[in-house]
Amino acid sequence: MKAVIAGTGSEVPPKIVTNDDLSKIVDTSDEWIRDRTGIMERRVTDEGTATSDLAVIAAERALTSAGISPMELDLIIVATCSPDTLFPSVACIVQDRLGAKKAAAFDISAACSGFNFALSAAAAYIESETFKNVLVVGADTLTKYLDWTDRNTCVLFGDGAGAVALRGEKGDCGVLASYIRAKGEGRDFLVMPGGGTRDPEMKNGRFIRMDGKEVFKFAVHALEDSVKEIIQKAGFTFEDIDLLIPHQANLRIIEHVRKKFNLPEKKVYVNLMKYGNTSAASVPLALDEAVNEGRIKSGDLVVLAGFGAGLTYGSNIIRWR
Ligand SMILES: CC(C)(COP(=O)(O)OP(=O)(O)OC[C@H]1O[C@@H](n2cnc3c(N)ncnc32)[C@H](O)[C@@H]1OP(=O)(O)O)[C@@H](O)C(=O)NCCC(=O)NCCS
């Protein structure tokens, strides 16, 4: 039994914040942000919108495109590190709002790697025939945790959600292999310190803190490793890959890996110019756009790979149905 991606969906908030907009509030410029990251603009939620609001819309679209009704769902996994509340999970809110009355629901916390982690878990449930129809959502609204006076972080992130509806099917298509890893010793390089049990009163602040240089070094290695390992694990070569969808954090990280493995530009999907780093949403949002643009056809071999806080990293390889 394989976990086949039967449908995809995504949602981003309507408000666009350009690099020029940011240059009015911090000492930065469109040129600096483009040169160092590739980002041109990002989407930002308004005060009244939480992660689940984006997640539900992305989920509905994925279910519609898959032709799976909410009542047919056995499990909902939401990858997020910006839940509406510490508990209940975003997945339970999504379950209720979809009316997926027969589904179990839980969140996975692996920051920007979350979608790849959640997809690997969903695939394992389906392959073991524990569940048949599984919804996986990656959703984050990290702009709510940005210090808009800190130019090191506020230029990087944006909000969004992406989803896939998976169905168990026999055959050669679907998730062929998954690879997930963690390096907890690097946990201090990218942190949202406040709000947890170490600091429930947020004395350390309510903003993301990052050592950009350390994260950059890790990210290059993690993306390289995730792509190489999954291709080897599944018994393919780089030439076999039709499309790589990497985590959309920084164009320099993606370009480093693309050149290292000699992949032509057309085989690597990039949309971070429009959205910045949308954390757990980044990979499924890019996947949904790639599908809608006709960049993936039946039989294609697609690699999804990511890295993030934790530190975490991982990948999935999919034969497209
Ligand atoms: C954050 C990042 C873009 C910074 O790029 P960088 O090339 O490492 O830049 P540096 O930190 O060396 O800073 C270079 C200079 O630009 C300045 N700078 C930093 N942010 C700036 C900004 N937004 N605008 C203008 N200047 C900025 C620095 O202060 C520094 O100035 P100095 O030379 O006078 O000290 C890069 O480190 C990065 O992308 N890291 C990974 C972050 C990431 O992906 N996080 C999420 C992972 S899931």
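Just grab the label-to-label distance for Asp27 and Thr64, each label 7 Å out from Cα along the Cβ direction, in nm (one decimal).
It works out to 4.8 nm between the two label points.
Which lysines, on any chain, are close to Lys170 with Cα under 16 Å apart, when same-chain ones fewer than 8 places away are left out?
Qualifying lysines at Cα under 16 Å: Lys2, Lys132.
If you filter segment 2-82 for GluC sites (Glu not before Pro), then keep DSSP loop positions with at most 11 other Cβ within 10 Å, what is left? Each step should come with its number before you reach the end.
Details: sites: Glu11, Glu31, Glu41, Glu47, Glu60, Glu72; in loops: Glu47.
Filter output for segment 2-82: Glu47.
Excluding residues fewer than 8 places away in the same chain, name every one of the lysines whose C-alpha is closer than 23 Å to that of Lys15.
Of all the lysines, those that pass the test against Lys15 - Cα under 23 Å, at least 8 places apart if same chain - are Lys24, Lys144, Lys274.
By DSSP, what percent of the beta bridges with both residues in the chain are antiparallel, rounded to the nearest 5?
70
Which one, Ser29, Ser178, Ser113, has the greatest fluctuation when you compute a Gaussian network model over the chain with C-alpha springs under 10 angstrom?
Ser29
P(r) for segment 256-321: what percent of alpha-carbon pairs falls in each 10 Å bin, starting at zero?
All Cα pairs considered, the percentages come to 17, 52, 30, 1.
Measuring from label point to label point, each 7 Å out along Cα→Cβ, what is the Ser298 to Asp20 span in nm?
A separation of 4.6 nm, rounded to one decimal place.
Can you bin every Cα-Cα distance in the chain into 10 Å intervals starting at zero and give me the percent of pairs per bin, rounded to whole numbers?
So the P(r) values, bin by bin, are 6, 29, 37, 22, 5, 0.
Rank by packing, highest mean first: peptides 305-312, 289-296, with packing defined as the count of other Cβ atoms within 10 Å averaged across residues.
Put in order of decreasing packing, that is 305-312, 289-296.
Just the C-alpha atoms of segment 202-252: what Rg/Rh do they give, with Rh taken as the Kirkwood radius?
1.17
First check a/c for segment 39-131, with a ≥ b ≥ c the square roots of the eigenvalues of its C-alpha gyration tensor; if it is under 1.5, answer rounded, and if not, answer prolate when a/b is larger than b/c or oblate otherwise. Provide the component values of the computation, followed by the final result.
Details: a/c = 1.63, a/b = 1.40, b/c = 1.16.
In terms of gyration-tensor shape, prolate.
For Thr312, list long-range residues whose amide hydrogen, built 1.01 Å from N in the peptide plane, is under 5 Å from its own amide hydrogen.
Lys183
On a straight-distance basis, which lysines could pair with Lys266 in a cross-link, Cα separation under 17 angstrom, same-chain partners fewer than 8 positions away excluded?
Within reach: Lys297.
Between Lys102 and Arg198, what length comes free when the chain is fully extended (0.36 nm per residue of separation minus the Cα-Cα distance, one decimal in nm)?
Here the segment from Lys102 to Arg198 would lengthen by 31.0 nm.
Quick note: the coordinates plus some simple rules give every number you see, no bench work behind them. This is a predicted model, so every value here is computed, not measured. For neighbour counting, all protein chains shown are included, and Cβ atoms are generated from backbone atoms with ideal geometry for every residue, glycine included.
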